[in-house]
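Worksheet for the structure shown next.
The values are calculated or read from the model by the stated rules, or taken from the named source; none is laboratory data. This structure is a prediction, so every number in the text was calculated from the model and none was measured. With ideal geometry, Cβ positions are generated from the backbone for all residues, glycine too; neighbour counts draw on all protein chains shown.
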Amino acid sequence: MVETILFEDEHIYIVHRPGASRFSLVTFSEMMYRREPPEFWGDKIAQKHSIDTVGIVAKASNWFPASSVVPQIPEIRSRLKPSAITYGFSMGGYAALKYGRAIGAQSALAVCPQVSISPADVPWDDLYRSYFRPDLHQNMALQASELPENVWIAYDPYYWRDALHVDALALMCRPSELRIRFMRHAAIWFMSENSFAVKVMEMIDGAAPQSGLRMVRTQTRSSRAYLMHLGVAAYERGHGQWAEAVWAKAAERGATQESIDRLRTQAERHRRDRISRRHKDLALAASLAMQ
């Protein structure tokens, strides 16, 4: 299929790749994705599975400014089939929710999304605060009226930052949750393995009705990414021997030694942070007890 570049400005570009799928997919790139047209985030799965896709790519970590996206919505809608799903990770997950209803999607699949990065909206999350620009991000917080009818969220409920964003979202709608434990903010790697995201989309669209929970359990049994991050969770909790055994299983499934070493370093840092916080909490408790 031949891609068509629908729009480009200083903030985003939009590409349409026709496909034979029953539904259309609208993808929003994640914050570190940097490509040139006609490449877009998700183009590999679109090509592999012949999914009719409109790819919206941010040229920077800009959270898809409404000033660029909204004027293009009529053109985007004109390219979609009657059934459409928006899809994105982190920054892209936010946009999949923010523009889902306006684009005409019945469903959104958002992986680890934010509800906003404005300090006024989420004072408890400063991770992305440096990317907030008042001139680009007016009325940034998600609103119930903006959400598609069906909202699906994939995230790690044990990762407090993403869990708080999901809690905030749950005040606006009743999202269906794919709980991918121990992945922290890396749930997208779980979704990407074995075309799992496509299987979820087909389930959402109704072509393959089944339980989301059952799908996650099945994917967990074969996921290399899950094993690698399960090892991190074990290591940072002091279970080094168990972590090494889990990473060995991940290696049997194709994980490289370089990637395992990188995660081991990450786990060591997490463990030091946990111990430091524990010591601070104990010191605070002791000082309060002496008052």
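Considering only region 148-165, state which residues are more than 21 Å from Tyr226 (Cβ to Cβ) and either among the charged types (D, E, K, R) or in contact with a helix residue (DSSP H, G or I) (Cβ under 6 Å, 6 or more places away or on another chain) (or both). Matches in region 148-165: Pro148, Glu149.
Filtering region 246-278 to residues that are among the hydroxyl-bearing types (Ser, Thr, Tyr) and within 24 Å of the chain's Cα centre (by Cα) leaves Thr256, Ser259, Thr265. Within region 228-246, being under 15 Å from Trp189 (Cβ atoms) and surrounded by 21 or more Cβ atoms within 10 Å (Cβ to Cβ) holds for Met228, His229, Leu230, Gly231, Val232.
Within region 135-147, is even one residue within 30 Å of Gln47 (Cα to Cα) and aliphatic (A, V, I, L, M)?
Going through region 135-147, the residues within 30 Å of Gln47 (Cα to Cα) turn out to be 146-147.
If we keep only those that are aliphatic (A, V, I, L, M) as well, we get 147.
Yes, the conditions are met somewhere in region 135-147.
Got at least one residue in region 40-52 being out of contact with any Ser or Thr (no Cβ under 9 Å at 6 or more places or on another chain) and buried (at least 21 other Cβ atoms within 10 Å of the Cβ)? Checked region 40-52: no residue is out of contact with any Ser or Thr (no Cβ under 9 Å at 6 or more places or on another chain) and buried (at least 21 other Cβ atoms within 10 Å of the Cβ).
Every residue, every condition in (1) without any contact (Cβ under 8 Å) to a residue 40 or more places away in the chain; (2) over 20 Å from Asn139 (Cα atoms); (3) in the same structural domain as Arg133 (by TED's automatic domain parsing), yes or no:
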| site | (1), (2), (3) |
| --- | --- |
| Ile14 | no, yes, yes |
| Asp52 | yes, yes, yes |
| Ser68 | no, no, yes |
| Pro74 | yes, yes, yes |
| Ser83 | no, yes, yes |
| Gly92 | no, no, yes |
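Count of region 101-130 residues, restricted to those that are without any contact (Cβ under 8 Å) to a residue 60 or more places away in the chain, crowded, with 24+ Cβ neighbours inside 10 Å and not aliphatic (A, V, I, L, M), is 2.
Do you know which of the residues in region 1-36 that are outside any strand (DSSP E or B) and of a type in the set (Phe, Trp, Tyr) is surrounded by the fewest Cβ atoms within 10 Å (Cβ to Cβ)? First the steps, then the outcome.
Initial filter on region 1-36 (outside any strand (DSSP E or B)): 1-3, 9-11, 18-23, 29-36.
Checking which are of a type in the set (Phe, Trp, Tyr) leaves us with 23, 33.
Working: Phe23: 22, Tyr33: 18.
Applying the filter and picking the extreme gives Tyr33.
Within region 249-265, residues that are within 10 Å of Ala225 (Cα to Cα) and assigned to a helix (DSSP H, G or I) sit with their Cβ atoms under 6 Å from residues that are at pLDDT 90 or above and among the hydrophobic types (A, V, I, L, M, F, W, C), at 6+ positions apart or across chains, in these pairs: Ala250/Leu227; Ala250/Met228. If we keep just the residues of region 188-218 that are on the phi < 0 side of the Ramachandran plot and hydroxyl-bearing (Ser, Thr, Tyr), which is modelled with the lowest pLDDT? Checking each candidate, the answer is Ser211. Only a single criterion out of (1) assigned to a loop (DSSP other than H, G, I, E, B); (2) among the hydrophobic types (A, V, I, L, M, F, W, C); (3) out of contact with any helix residue (DSSP H, G or I) (no Cβ under 9 Å at 6 or more places or on another chain) is not satisfied by Ala168, namely (1).
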